[in-house]
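Below: the structure, in C-alpha coordinates.
The values are calculated or read from the model by the stated rules, or taken from the named source; none is laboratory data. Quick caveat, the model's predicted, so the values are computed rather than measured. Counting neighbours? That spans all protein chains shown, and the Cβs are built from the backbone with ideal geometry, glycine included. These area figures cover heavy atoms from the full protein model, side chains too; ligands, DNA and RNA do not enter into them. Shrake-Rupley method; radii C 1.70, N 1.55, O 1.52, S 1.80 Å.
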Amino acid sequence: MKYQEVLDYMDSLKCYGIVPGLDSVRELCRRLGDPQEGLNFVHVAGTNGKGSALAYVSTVLTCAGYRVGRYISPTIREYRERFQINGRMITQKDLCELAGEVKDACDAMRAEGLPHPTPFEVETALGFLYFIRKKCDLVVLETGMGGRLDATNVIRSPQVAVLASISMDHMQYLGNTLTAIAGEKAGILKPGCRAVSAEQEPEAMEAIRARAEQLGIPLTVAETRLVGRARYGLEKQRFDYDGMKDLEIGLAGRCQIGNAALAVEACRALRECGYEIPDKALRQGLRETRWPGRFTILGRRPLFVADGAHNEDAARELAKSLEMYFTNRRIIYIMGILKDKEYEKIIELTAPYADQILTVTPPGNPRAMGSYELAQEVAKAHPRVTATDSLEEAVELSHLLAGKEDVILAFGSLSYLGRLMEIMEERERRGKKRKA
(Lines give C-alpha, C1' and ligand atoms only; values in the text may rest on other atoms or scores of the structure.)
Protein backbone atom coordinates (compact mmCIF):
# COMPACT_ATOMS: atom_id res chain seq x y z
CA MET A 1 0.00 0.00 0.00
CA LYS A 2 1.08 3.56 -0.67
CA TYR A 3 0.80 6.18 2.07
CA GLN A 4 -2.31 7.89 0.72
CA GLU A 5 -3.90 4.47 0.24
CA VAL A 6 -3.25 3.74 3.91
CA LEU A 7 -4.93 7.00 4.94
CA ASP A 8 -7.88 6.26 2.65
CA TYR A 9 -8.12 2.73 4.04
CA MET A 10 -8.12 3.93 7.65
CA ASP A 11 -10.74 6.52 6.77
CA SER A 12 -12.92 3.84 5.12
CA LEU A 13 -12.96 1.86 8.38
CA LYS A 14 -15.00 4.54 10.14
CA CYS A 15 -18.14 2.77 8.95
CA TYR A 16 -17.42 0.04 11.52
CA GLY A 17 -17.81 2.57 14.33
CA ILE A 18 -17.08 1.92 18.00
CA VAL A 19 -17.76 -1.58 19.34
CA PRO A 20 -16.53 -2.11 22.92
CA GLY A 21 -15.20 -5.61 23.52
CA LEU A 22 -12.06 -7.69 23.09
CA ASP A 23 -13.12 -10.65 20.93
CA SER A 24 -12.44 -9.00 17.58
CA VAL A 25 -9.10 -7.41 18.47
CA ARG A 26 -8.01 -10.63 20.17
CA GLU A 27 -8.72 -12.58 16.97
CA LEU A 28 -6.94 -9.96 14.84
CA CYS A 29 -3.87 -10.05 17.07
CA ARG A 30 -3.86 -13.86 17.01
CA ARG A 31 -3.71 -13.83 13.21
CA LEU A 32 -0.78 -11.40 13.40
CA GLY A 33 1.17 -13.62 15.78
CA ASP A 34 0.07 -11.96 19.04
CA PRO A 35 2.77 -9.27 18.93
CA GLN A 36 1.51 -7.77 22.20
CA GLU A 37 2.67 -10.87 24.07
CA GLY A 38 6.32 -10.00 23.48
CA LEU A 39 6.04 -6.45 24.83
CA ASN A 40 6.10 -4.80 28.25
CA PHE A 41 3.62 -2.01 28.89
CA VAL A 42 2.75 1.00 30.95
CA HIS A 43 -1.01 1.19 30.40
CA VAL A 44 -2.65 4.61 30.86
CA ALA A 45 -6.38 5.32 31.20
CA GLY A 46 -8.43 8.25 32.44
CA THR A 47 -10.69 11.04 31.24
CA ASN A 48 -8.34 14.04 31.32
CA GLY A 49 -4.57 14.18 31.66
CA LYS A 50 -3.82 10.66 30.42
CA GLY A 51 -2.03 11.97 27.32
CA SER A 52 0.09 14.34 29.37
CA ALA A 53 0.96 11.58 31.86
CA LEU A 54 1.90 9.33 28.93
CA ALA A 55 4.11 12.06 27.47
CA TYR A 56 5.93 12.62 30.77
CA VAL A 57 6.50 8.91 31.44
CA SER A 58 7.67 8.06 27.92
CA THR A 59 10.05 11.05 27.82
CA VAL A 60 11.53 10.11 31.20
CA LEU A 61 12.06 6.53 30.03
CA THR A 62 13.73 7.76 26.84
CA CYS A 63 16.05 9.95 28.93
CA ALA A 64 16.84 6.87 31.04
CA GLY A 65 18.11 5.10 27.91
CA TYR A 66 15.19 2.86 27.04
CA ARG A 67 13.68 2.28 23.61
CA VAL A 68 10.13 3.45 24.24
CA GLY A 69 7.04 2.99 22.11
CA ARG A 70 4.26 5.52 22.43
CA TYR A 71 0.70 4.81 21.28
CA ILE A 72 -1.70 7.77 21.44
CA SER A 73 -5.05 9.03 20.18
CA PRO A 74 -6.34 11.35 18.98
CA THR A 75 -3.53 12.98 17.06
CA ILE A 76 -3.11 16.71 16.51
CA ARG A 77 -1.33 17.24 13.21
CA GLU A 78 -0.60 14.00 11.39
CA TYR A 79 -1.94 10.45 11.41
CA ARG A 80 1.51 8.95 12.02
CA GLU A 81 1.68 10.60 15.46
CA ARG A 82 -0.27 7.60 16.76
CA PHE A 83 2.80 5.39 16.61
CA GLN A 84 6.08 6.77 17.99
CA ILE A 85 9.38 5.44 19.27
CA ASN A 86 11.47 7.76 21.44
CA GLY A 87 9.36 10.67 20.23
CA ARG A 88 9.80 9.94 16.50
CA MET A 89 6.78 9.10 14.36
CA ILE A 90 6.57 5.89 12.37
CA THR A 91 7.95 6.29 8.83
CA GLN A 92 5.58 6.22 5.90
CA LYS A 93 7.38 3.11 4.63
CA ASP A 94 6.89 1.17 7.87
CA LEU A 95 3.28 2.30 8.15
CA CYS A 96 2.50 1.17 4.61
CA GLU A 97 4.07 -2.26 5.11
CA LEU A 98 2.34 -2.92 8.41
CA ALA A 99 -1.03 -1.59 7.25
CA GLY A 100 -0.90 -4.06 4.37
CA GLU A 101 -0.38 -6.96 6.77
CA VAL A 102 -3.15 -5.86 9.09
CA LYS A 103 -5.53 -5.27 6.17
CA ASP A 104 -4.93 -8.81 4.89
CA ALA A 105 -5.77 -10.22 8.33
CA CYS A 106 -8.93 -8.10 8.53
CA ASP A 107 -10.01 -9.16 5.04
CA ALA A 108 -9.53 -12.81 5.99
CA MET A 109 -11.67 -12.36 9.10
CA ARG A 110 -14.41 -10.75 7.03
CA ALA A 111 -14.23 -13.53 4.42
CA GLU A 112 -14.79 -16.09 7.18
CA GLY A 113 -17.91 -14.30 8.36
CA LEU A 114 -16.33 -12.68 11.40
CA PRO A 115 -17.01 -9.02 12.26
CA HIS A 116 -14.57 -6.60 10.69
CA PRO A 117 -12.36 -4.94 13.35
CA THR A 118 -13.11 -1.31 14.18
CA PRO A 119 -10.67 1.50 13.26
CA PHE A 120 -9.25 1.62 16.78
CA GLU A 121 -8.79 -2.15 16.85
CA VAL A 122 -6.92 -2.03 13.55
CA GLU A 123 -4.68 0.79 14.76
CA THR A 124 -4.01 -0.94 18.08
CA ALA A 125 -2.95 -4.18 16.39
CA LEU A 126 -0.79 -2.22 13.94
CA GLY A 127 0.88 -0.47 16.85
CA PHE A 128 1.71 -3.77 18.54
CA LEU A 129 3.27 -5.06 15.32
CA TYR A 130 5.35 -1.92 14.92
CA PHE A 131 6.65 -1.90 18.50
CA ILE A 132 7.60 -5.59 18.51
CA ARG A 133 9.36 -5.32 15.14
CA LYS A 134 11.35 -2.33 16.38
CA LYS A 135 12.28 -4.15 19.60
CA CYS A 136 10.89 -1.65 22.09
CA ASP A 137 11.90 -2.13 25.73
CA LEU A 138 8.63 -0.63 26.94
CA VAL A 139 5.44 0.66 25.35
CA VAL A 140 3.47 3.44 27.01
CA LEU A 141 -0.03 2.62 25.83
CA GLU A 142 -2.97 5.02 25.98
CA THR A 143 -6.49 3.65 26.07
CA GLY A 144 -9.13 5.05 23.78
CA MET A 145 -12.13 6.08 25.89
CA GLY A 146 -12.57 3.23 28.36
CA GLY A 147 -10.47 0.53 29.94
CA ARG A 148 -12.05 -2.85 30.62
CA LEU A 149 -13.42 -3.31 27.08
CA ASP A 150 -10.96 -0.98 25.33
CA ALA A 151 -9.04 -2.61 22.47
CA THR A 152 -5.73 -1.85 24.18
CA ASN A 153 -6.81 -4.05 27.10
CA VAL A 154 -6.10 -7.13 25.01
CA ILE A 155 -2.60 -7.00 26.53
CA ARG A 156 -1.55 -9.24 29.38
CA SER A 157 -0.80 -7.61 32.72
CA PRO A 158 1.17 -4.38 32.26
CA GLN A 159 4.17 -3.51 34.41
CA VAL A 160 2.31 -0.45 35.66
CA ALA A 161 -1.31 0.63 35.17
CA VAL A 162 -1.83 4.40 35.44
CA LEU A 163 -5.17 6.10 36.05
CA ALA A 164 -5.28 9.83 35.30
CA SER A 165 -8.15 12.08 36.40
CA ILE A 166 -11.54 10.40 35.89
CA SER A 167 -14.73 12.38 35.28
CA MET A 168 -18.00 12.19 33.36
CA ASP A 169 -17.47 11.56 29.64
CA HIS A 170 -18.57 8.99 27.02
CA MET A 171 -21.51 8.08 29.24
CA GLN A 172 -23.29 6.26 26.40
CA TYR A 173 -20.51 3.65 26.51
CA LEU A 174 -19.12 3.77 30.06
CA GLY A 175 -22.10 4.42 32.31
CA ASN A 176 -23.98 7.33 33.84
CA THR A 177 -22.23 7.51 37.22
CA LEU A 178 -18.67 8.31 38.23
CA THR A 179 -18.50 4.96 40.01
CA ALA A 180 -19.43 3.09 36.83
CA ILE A 181 -17.00 5.06 34.66
CA ALA A 182 -14.15 4.61 37.14
CA GLY A 183 -14.92 0.91 37.31
CA GLU A 184 -14.64 0.61 33.54
CA LYS A 185 -11.36 2.52 33.42
CA ALA A 186 -9.97 0.53 36.36
CA GLY A 187 -10.44 -2.52 34.16
CA ILE A 188 -6.85 -2.01 32.97
CA LEU A 189 -5.67 -3.15 36.41
CA LYS A 190 -4.64 -6.81 36.25
CA PRO A 191 -3.04 -9.39 38.54
CA GLY A 192 0.69 -8.82 38.97
CA CYS A 193 0.82 -5.17 37.92
CA ARG A 194 1.41 -2.08 40.01
CA ALA A 195 -1.35 0.52 40.02
CA VAL A 196 -0.84 4.27 40.20
CA SER A 197 -3.71 6.76 40.33
CA ALA A 198 -4.18 10.48 40.36
CA GLU A 199 -6.15 11.82 43.29
CA GLN A 200 -9.80 11.22 42.34
CA GLU A 201 -13.29 12.17 43.42
CA PRO A 202 -14.37 9.89 46.33
CA GLU A 203 -16.66 7.67 44.19
CA ALA A 204 -13.96 7.11 41.58
CA MET A 205 -11.28 6.48 44.21
CA GLU A 206 -13.47 3.92 45.93
CA ALA A 207 -14.00 2.01 42.66
CA ILE A 208 -10.25 2.01 41.93
CA ARG A 209 -9.32 0.87 45.44
CA ALA A 210 -11.93 -1.89 45.29
CA ARG A 211 -10.47 -3.18 42.02
CA ALA A 212 -6.90 -3.10 43.34
CA GLU A 213 -7.93 -4.90 46.55
CA GLN A 214 -9.86 -7.51 44.57
CA LEU A 215 -6.71 -8.26 42.55
CA GLY A 216 -4.36 -8.01 45.52
CA ILE A 217 -2.11 -5.47 43.81
CA PRO A 218 -0.39 -2.39 45.30
CA LEU A 219 -1.99 0.99 44.63
CA THR A 220 -0.17 4.31 44.93
CA VAL A 221 -2.01 7.63 44.79
CA ALA A 222 -0.27 10.83 43.65
CA GLU A 223 -1.71 12.95 46.44
CA THR A 224 -1.90 16.72 46.11
CA ARG A 225 -0.78 17.12 49.73
CA LEU A 226 2.63 15.85 48.64
CA VAL A 227 3.03 18.75 46.19
CA GLY A 228 4.84 21.73 47.65
CA ARG A 229 6.12 25.16 46.58
CA ALA A 230 4.21 25.10 43.28
CA ARG A 231 5.30 27.99 41.07
CA TYR A 232 3.09 28.37 38.02
CA GLY A 233 4.02 29.98 34.71
CA LEU A 234 3.35 29.94 30.98
CA GLU A 235 6.95 29.08 29.99
CA LYS A 236 7.88 26.70 32.81
CA GLN A 237 6.51 25.56 36.15
CA ARG A 238 8.31 24.29 39.24
CA PHE A 239 7.25 22.26 42.25
CA ASP A 240 8.44 19.89 44.96
CA TYR A 241 6.98 16.42 45.25
CA ASP A 242 7.34 13.96 48.11
CA GLY A 243 11.00 14.64 48.87
CA MET A 244 12.07 15.64 45.36
CA LYS A 245 12.91 19.34 45.30
CA ASP A 246 12.55 21.87 42.49
CA LEU A 247 11.15 19.68 39.71
CA GLU A 248 10.56 21.61 36.50
CA ILE A 249 8.09 21.10 33.64
CA GLY A 250 7.71 22.97 30.37
CA LEU A 251 3.97 22.37 29.95
CA ALA A 252 1.64 25.19 30.97
CA GLY A 253 -1.77 24.82 32.61
CA ARG A 254 -2.78 24.56 36.22
CA CYS A 255 -3.41 20.81 35.98
CA GLN A 256 0.05 19.92 34.65
CA ILE A 257 1.80 19.80 38.02
CA GLY A 258 -0.66 17.12 39.08
CA ASN A 259 -0.11 15.21 35.83
CA ALA A 260 3.67 15.40 36.36
CA ALA A 261 3.30 14.15 39.95
CA LEU A 262 1.32 11.18 38.61
CA ALA A 263 4.17 10.48 36.18
CA VAL A 264 6.70 10.61 39.03
CA GLU A 265 4.75 7.93 40.88
CA ALA A 266 4.50 5.83 37.70
CA CYS A 267 8.27 6.01 37.27
CA ARG A 268 8.79 5.04 40.91
CA ALA A 269 6.53 2.03 40.33
CA LEU A 270 8.64 1.09 37.30
CA ARG A 271 11.75 1.25 39.47
CA GLU A 272 10.07 -1.33 41.74
CA CYS A 273 9.65 -3.49 38.63
CA GLY A 274 13.42 -3.38 38.07
CA TYR A 275 13.74 -0.54 35.58
CA GLU A 276 16.67 1.80 36.18
CA ILE A 277 15.43 5.38 36.14
CA PRO A 278 17.97 7.71 37.77
CA ASP A 279 16.73 10.93 39.36
CA LYS A 280 18.69 12.82 36.70
CA ALA A 281 16.68 11.14 33.91
CA LEU A 282 13.43 11.75 35.80
CA ARG A 283 14.17 15.46 36.13
CA GLN A 284 15.35 15.75 32.53
CA GLY A 285 12.33 13.89 31.18
CA LEU A 286 9.85 16.07 33.03
CA ARG A 287 11.64 19.21 31.86
CA GLU A 288 11.86 18.12 28.21
CA THR A 289 8.31 16.79 27.81
CA ARG A 290 6.28 18.50 25.10
CA TRP A 291 2.60 17.80 24.43
CA PRO A 292 0.98 20.00 21.73
CA GLY A 293 -2.55 21.27 22.19
CA ARG A 294 -2.44 21.42 25.97
CA PHE A 295 -2.36 25.10 26.90
CA THR A 296 0.14 25.60 24.10
CA ILE A 297 1.31 29.10 23.13
CA LEU A 298 1.03 29.60 19.36
CA GLY A 299 1.57 33.37 19.17
CA ARG A 300 2.47 36.45 21.19
CA ARG A 301 1.22 40.04 21.26
CA PRO A 302 -1.56 39.12 21.36
CA LEU A 303 -0.91 35.94 23.28
CA PHE A 304 -2.54 33.06 21.39
CA VAL A 305 -3.15 29.85 23.36
CA ALA A 306 -4.58 26.53 22.16
CA ASP A 307 -6.01 23.97 24.56
CA GLY A 308 -7.86 20.69 24.08
CA ALA A 309 -10.42 21.18 26.88
CA HIS A 310 -13.36 19.18 25.53
CA ASN A 311 -15.50 18.06 28.47
CA GLU A 312 -16.85 19.37 31.77
CA ASP A 313 -13.87 18.47 33.94
CA ALA A 314 -11.34 19.83 31.43
CA ALA A 315 -13.38 23.03 31.09
CA ARG A 316 -13.34 23.45 34.87
CA GLU A 317 -9.54 23.08 34.90
CA LEU A 318 -9.24 25.52 32.00
CA ALA A 319 -11.28 28.08 33.92
CA LYS A 320 -8.93 27.73 36.88
CA SER A 321 -5.94 28.28 34.58
CA LEU A 322 -7.55 31.42 33.16
CA GLU A 323 -8.11 32.77 36.65
CA MET A 324 -4.50 32.08 37.57
CA TYR A 325 -2.68 33.26 34.42
CA PHE A 326 -4.90 35.99 32.97
CA THR A 327 -6.51 37.90 35.81
CA ASN A 328 -7.62 41.35 34.58
CA ARG A 329 -6.72 40.57 30.96
CA ARG A 330 -9.22 40.73 28.11
CA ILE A 331 -9.78 37.28 26.61
CA ILE A 332 -11.24 36.37 23.20
CA TYR A 333 -12.34 32.79 22.60
CA ILE A 334 -12.30 30.63 19.50
CA MET A 335 -14.57 27.77 20.47
CA GLY A 336 -15.25 24.54 18.55
CA ILE A 337 -17.05 21.60 20.15
CA LEU A 338 -18.19 18.12 19.15
CA LYS A 339 -21.95 17.67 19.39
CA ASP A 340 -21.72 14.54 21.57
CA LYS A 341 -19.93 16.47 24.33
CA GLU A 342 -21.54 18.30 27.28
CA TYR A 343 -21.41 21.61 25.48
CA GLU A 344 -23.84 23.29 27.88
CA LYS A 345 -21.51 22.60 30.81
CA ILE A 346 -18.41 23.67 28.85
CA ILE A 347 -20.10 26.96 27.92
CA GLU A 348 -21.38 27.55 31.45
CA LEU A 349 -17.93 27.04 33.00
CA THR A 350 -15.89 29.08 30.52
CA ALA A 351 -18.15 31.86 29.17
CA PRO A 352 -17.74 34.21 32.17
CA TYR A 353 -14.04 34.75 31.40
CA ALA A 354 -14.50 35.84 27.77
CA ASP A 355 -14.97 39.33 26.40
CA GLN A 356 -15.84 38.03 22.91
CA ILE A 357 -16.55 34.49 21.69
CA LEU A 358 -16.06 33.27 18.12
CA THR A 359 -17.48 29.87 17.25
CA VAL A 360 -16.15 27.48 14.62
CA THR A 361 -17.11 24.12 13.13
CA PRO A 362 -14.22 21.67 13.72
CA PRO A 363 -13.37 20.67 10.12
CA GLY A 364 -13.43 17.12 8.82
CA ASN A 365 -15.24 15.62 11.81
CA PRO A 366 -18.75 14.18 11.38
CA ARG A 367 -19.34 14.67 15.13
CA ALA A 368 -18.63 18.40 14.91
CA MET A 369 -21.20 20.87 16.16
CA GLY A 370 -21.92 23.58 13.58
CA SER A 371 -20.60 27.04 14.41
CA TYR A 372 -24.06 28.65 14.07
CA GLU A 373 -25.72 26.05 16.30
CA LEU A 374 -22.93 26.49 18.86
CA ALA A 375 -23.28 30.28 18.69
CA GLN A 376 -26.98 29.96 19.52
CA GLU A 377 -26.11 27.92 22.60
CA VAL A 378 -23.34 30.32 23.65
CA ALA A 379 -25.72 33.30 23.26
CA LYS A 380 -27.77 31.91 26.17
CA ALA A 381 -24.77 32.54 28.45
CA HIS A 382 -22.83 35.35 26.76
CA PRO A 383 -24.01 38.49 24.92
CA ARG A 384 -21.09 38.86 22.48
CA VAL A 385 -20.80 35.81 20.25
CA THR A 386 -20.09 35.53 16.52
CA ALA A 387 -20.34 32.40 14.36
CA THR A 388 -17.57 32.15 11.77
CA ASP A 389 -17.52 30.19 8.53
CA SER A 390 -13.98 28.79 8.83
CA LEU A 391 -11.00 28.51 11.12
CA GLU A 392 -9.14 30.96 8.91
CA GLU A 393 -11.87 33.54 9.38
CA ALA A 394 -11.92 32.96 13.14
CA VAL A 395 -8.14 33.44 13.44
CA GLU A 396 -8.18 36.66 11.39
CA LEU A 397 -11.20 38.07 13.21
CA SER A 398 -9.73 37.25 16.62
CA HIS A 399 -6.59 39.21 15.75
CA LEU A 400 -8.65 42.15 14.55
CA LEU A 401 -10.54 42.16 17.85
CA ALA A 402 -7.52 41.68 20.10
CA GLY A 403 -5.09 44.30 21.30
CA LYS A 404 -1.44 43.38 21.79
CA GLU A 405 -1.93 42.84 25.54
CA ASP A 406 -5.06 40.72 25.12
CA VAL A 407 -5.35 36.93 25.04
CA ILE A 408 -6.86 34.71 22.33
CA LEU A 409 -7.81 31.23 23.51
CA ALA A 410 -8.83 28.43 21.12
CA PHE A 411 -10.37 25.37 22.78
CA GLY A 412 -13.26 22.90 22.87
CA SER A 413 -11.93 19.97 20.85
CA LEU A 414 -8.52 18.58 19.97
CA SER A 415 -9.84 17.70 16.52
CA TYR A 416 -9.30 21.15 15.02
CA LEU A 417 -6.13 22.27 16.82
CA GLY A 418 -3.78 20.74 14.24
CA ARG A 419 -5.28 22.83 11.46
CA LEU A 420 -5.30 25.85 13.76
CA MET A 421 -1.56 25.43 14.34
CA GLU A 422 -0.97 25.32 10.59
CA ILE A 423 -2.97 28.54 10.11
CA MET A 424 -0.98 30.28 12.83
CA GLU A 425 2.32 29.12 11.28
CA GLU A 426 1.22 30.36 7.85
CA ARG A 427 0.25 33.68 9.42
CA GLU A 428 3.65 33.99 11.10
CA ARG A 429 5.47 33.22 7.83
CA ARG A 430 3.48 35.91 6.03
CA GLY A 431 4.36 38.37 8.78
CA LYS A 432 8.07 37.62 8.45
CA LYS A 433 7.95 38.08 4.68
CA ARG A 434 6.29 41.47 5.09
CA LYS A 435 8.98 42.57 7.53
CA ALA A 436 11.74 41.35 5.17
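Could you check what % of the DSSP bridge pairs in the stretch 292-436 are antiparallel, to the nearest 5?
Numbers: 4 of 20 bridges.
Close to 20 percent.
Dipole magnitude for the chain: about 1500 debye, using +1 per Lys or Arg Cβ and -1 per Asp or Glu Cβ, origin at the Cα centre.
Out of every Cα pair in the stretch 281-359, what percent are spaced more than 16 Å from each other? Let's see the in-between values first.
On the way: 1735 of 3081 pairs.
Tail fraction, whole percent: 56.
What full-extension length gain, to one decimal in nm, is calculated for residue 397 and residue 231 as 0.36 nm per residue of separation minus the Cα-Cα distance? Intermediate results must be reported in sequence, preceding the final value.
Working: separation 166, 0.36 × 166 = 59.76 nm, distance 3.39 nm.
Residue separation times 0.36 nm, minus the Cα-Cα distance, leaves 56.4 nm.
Above 20 Å, the calculated P(r) of the stretch 290-436 contains 41 percent of its Cα-Cα pairs.
Take the Cα radius of gyration of the stretch 320-402 and divide it by 2.2 N^0.38 Å, with N its residue count; two decimals is plenty. Display every interim value, and only then the final one.
Working: Rg = 12.4 Å, N = 83, 2.2 N^0.38 = 11.8 Å.
Taking N as the residue count of the stretch 320-402, the ratio is 1.05.
Given only helices, namely DSSP H runs of n ≥ 4 each adding -39500 (n - 2.57), what is the per-residue ellipticity at 222 nm of the chain, to the nearest 500 deg cm²/dmol?
On the way: 15 runs with 181 residues, N = 436.
Value at 222 nm, helices only, nearest 500: -13000 deg cm²/dmol.
Ranking 418, 369, 188 by Cα position along the charge dipole of the chain, where only Lys, Arg, Asp and Glu carry charges on their C-beta atoms, puts 418 farthest toward the positive end.
Dipole magnitude for the stretch 374-427: about 260 debye, using +1 per Lys or Arg Cβ and -1 per Asp or Glu Cβ, origin at the Cα centre.
Note on residue 324/residue 434: beta-carbon distance plugged into 1/(1 + (r/R0)^6) with R0 of 51 Å gives a FRET efficiency of 0.90.
When each full DSSP H helix of the chain is screened for a Cα extent of at least 18 Å along its own axis and an average Kyte-Doolittle hydropathy of at least 0.5, the helices passing are 50-63, 119-133. For the stretch 18-145, a crude dipole built from +1 on the beta carbon of Lys and Arg and -1 on the beta carbon of Asp and Glu, taken about the Cα centre, is about 460 debye to the nearest 20. Scoring 281-292, 397-408 by mean Cβ neighbours within 10 Å over their residues and listing the highest first yields 281-292, 397-408.
For the stretch 25-124, the share of alpha carbon pairs falling in successive 5 Å distance bins from zero is 2, 11, 19, 22, 20, 15, 7, 3, 1, 0 percent.
Sort 110-117, 363-370 by packing, meaning the average of other beta carbons within 10 Å per residue, with the highest value first. All intermediate terms of the calculation are to be shown ahead of the outcome.
Values: 110-117: 12.9, 363-370: 14.6.
Ranked from most to least packed, the peptides come out as 363-370, 110-117.
Normalising the Debye intensity of the stretch 44-199 to I(0), with uniform scatterers on Cα atoms only, and taking log10 at q = 0.10, 0.13, 0.15 Å⁻¹ returns -0.37, -0.63, -0.84.
When the chain is treated as a GNM with alpha-carbon contacts under 10 Å, the residue of 16, 343, 66 showing the greatest mean-square fluctuation is 16. Label separation (residue 176 vs residue 206): 1.9 nm, computed from points 7 Å beyond Cα along the C-beta direction. Structure remark: mean-square fluctuation, Gaussian network model of the chain, C-alpha springs under 10 Å; the largest value among 159, 200, 214 belongs to 214. Considering only 128, 295, 239, the Gaussian network model of the chain with Cα springs below 10 Å gives its largest mean-square fluctuation to 239.
Taking label positions 7 Å along the Cα-Cβ direction at both residue 107 and residue 133, the computed distance is 1.7 nm, reported to one decimal.
With the simple spin-label model, which puts each label point 7 Å out from Cα in the Cβ direction, the residue 340 to residue 11 separation comes to 2.0 nm. The protection proxy used here, the mean number of other Cβ atoms lying within 10 Å of each residue, ranks peptides 26-34, 309-317 as follows, highest first: 309-317, 26-34.
Placing a label point 7 Å from the Cα of residue 22 along the Cα-to-Cβ direction, the residues of the stretch 107-151 with a backbone N closer than 13 Å are 147-151.
The residue among 310, 258, 379 whose Cα reaches farthest toward the positive pole of the charge dipole of the chain, with charges on the beta-carbon of Lys, Arg, Asp and Glu, is 258. Length, then width, then depth: along the principal axes, the Cα atoms of the stretch 170-237 run 39, 31, 19 Å. For the chain, dividing the convex hull volume of the Cα atoms by the residue count gives 151 Å³ per residue. Using alpha carbons only, how many angstrom separate the centre of the stretch 285-345 from the centre of the stretch 177-253? What the calculation gives is 22 Å, centre to centre. The HN-Hα couplings worked out from phi for the stretch 381-387 by the Karplus form 6.51 cos²θ - 1.76 cosθ + 1.60 (θ = phi - 60°) are 10, 8, x, 10, 9, 10, 7 Hz, whole numbers, x standing for Gly and Pro. Ranking of 18, 181 by solvent-accessible surface, largest first: 18, 181 (1.4 Å probe, protein heavy atoms only, all chains present). Plainly put, the stretch 95-156 has a radius of gyration that is 0.98 times its Kirkwood radius, both from alpha-carbon atoms, as the Rg/Rh ratio.
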